[in-house]
Amino acid sequence: MIEVSLYELAERPEHQDSILKSLETEPNIHANKTLNNFINETIRLLSPVRFSMLREVMKPFSVNGFDFQVGDLFRLCFGATMTNVKYFDDPWEFKPDRFNNPLEHPNSYMPFMGGPRNCIGQHMAMMELRVALTEILKKYRLERTKEYFEMGTVGLLNKPTNDNLVKFV
């Protein structure tokens with residue numbers, strides 16, 4: 001997540017400025033809305049886990065006329081949910097301010113899943129990301145290189161397929 005967040009900051013220098021400015025008035029990185037909105041929007045669009053998770057039905061239920069029985073298998077596709085026009089206006093546009101208001105549906109943004117089987121490392125990942133980004137931004141200006149940006153799958157994770165996307169100036 002650090003790699004794609006640095007890429008997004010280099011691609012959008014105005015966000016470097018707005019995050020640095022916001023840290024002057026809200027130095028608490030947990031509570032800093034500008035920083036956290038930027039991170040949430042980056043994860044929403046470039047989540048390291050965009051594929052679906054397989055789940056087995058334990059109790060029969062119906063959704064929109066589809067009946068699921070005990071033992072049926074279904075998948076939830078995070079990438080499709082987090083870019084669904086039903087939940088996000090202009091879903092492919094980078095708009096961190098969309099997180100200023102509560103989401104229409106709480107499960108429309110689940111980068112770490114939800115419920116009892118959510119990611120046990122989510123708080124560590126977010127803390128690491130907040131600290132890394134703020135410390136880097138305090139010391140460097142980020143610029144894009146001429147490398148083409150493309151995401152690919154490595155094992156179970158999405159990540160950029162090439163290196164050297166960002167210059168630290």
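The values are calculated or read from the model by the stated rules, or taken from the named source; none is laboratory data. Since the structure is predicted, the reported quantities are computational estimates derived from the model, not experimental observations. Cβ: placed from backbone, ideal geometry, glycine included. Neighbour counts: every protein chain shown.
With respect to the conditions (1) more than 14 Å from S47 (Cβ to Cβ); (2) in contact (Cβ under 8 Å) with a residue 24 or more places away in the chain, M124 lacks only one, and its number is (2).
Results for (1) at pLDDT 95 or above; (2) aromatic (F, W, Y); (3) crowded, with 16+ Cβ neighbours inside 10 Å; (4) touching a Pro at 6+ places or on another chain (Cβ under 9 Å), shown as yes or no for each residue.
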position: I19; (1), (2), (3), (4): yes, no, yes, no
position: S22; (1), (2), (3), (4): yes, no, yes, no
position: V63; (1), (2), (3), (4): no, no, no, no
position: T83; (1), (2), (3), (4): no, no, yes, yes
position: D90; (1), (2), (3), (4): no, no, no, no
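The residues of region 143-169 that are among the hydrophobic types (A, V, I, L, M, F, W, C) and under 20 Å from L45 (Cα atoms), listed by number, are F149, M151, V154, L156, L157, L165, V166. Each residue in region 24-61 was checked for being over 15 Å from E128 (Cα atoms), among the aromatic types (F, W, Y) and modelled with pLDDT of 90 or more, and 1 pass.
In the set (1) free of Cβ contacts under 8 Å to residues at least 40 places away in the same chain; (2) within 13 Å of the chain's Cα centre (by Cα), N64 fails one condition alone, (2). Are any of the residues in region 100-112 surrounded by fewer than 16 Cβ atoms within 10 Å (Cβ to Cβ), touching a residue at least 60 places away in the same chain (Cβ under 8 Å) and not in a helix (DSSP H, G or I)? No, every residue in region 100-112 fails to be surrounded by fewer than 16 Cβ atoms within 10 Å (Cβ to Cβ), touching a residue at least 60 places away in the same chain (Cβ under 8 Å) and not in a helix (DSSP H, G or I). The criterion of being outside any loop (DSSP other than H, G, I, E, B) and surrounded by fewer than 16 Cβ atoms within 10 Å (Cβ to Cβ) holds for E135. Selection over region 25-73 of residues that are closer than 30 Å to E14 by Cβ and either in a helix (DSSP H, G or I) or touching a strand residue (DSSP E or B) at 6+ places or on another chain (Cβ under 8 Å) (or both) gives a count of 19.
Screening the candidates P91, P106, P60, P102 for the property of being under 25 Å from Y7 (Cβ atoms) and not basic (K, R) yields one hit, P91.
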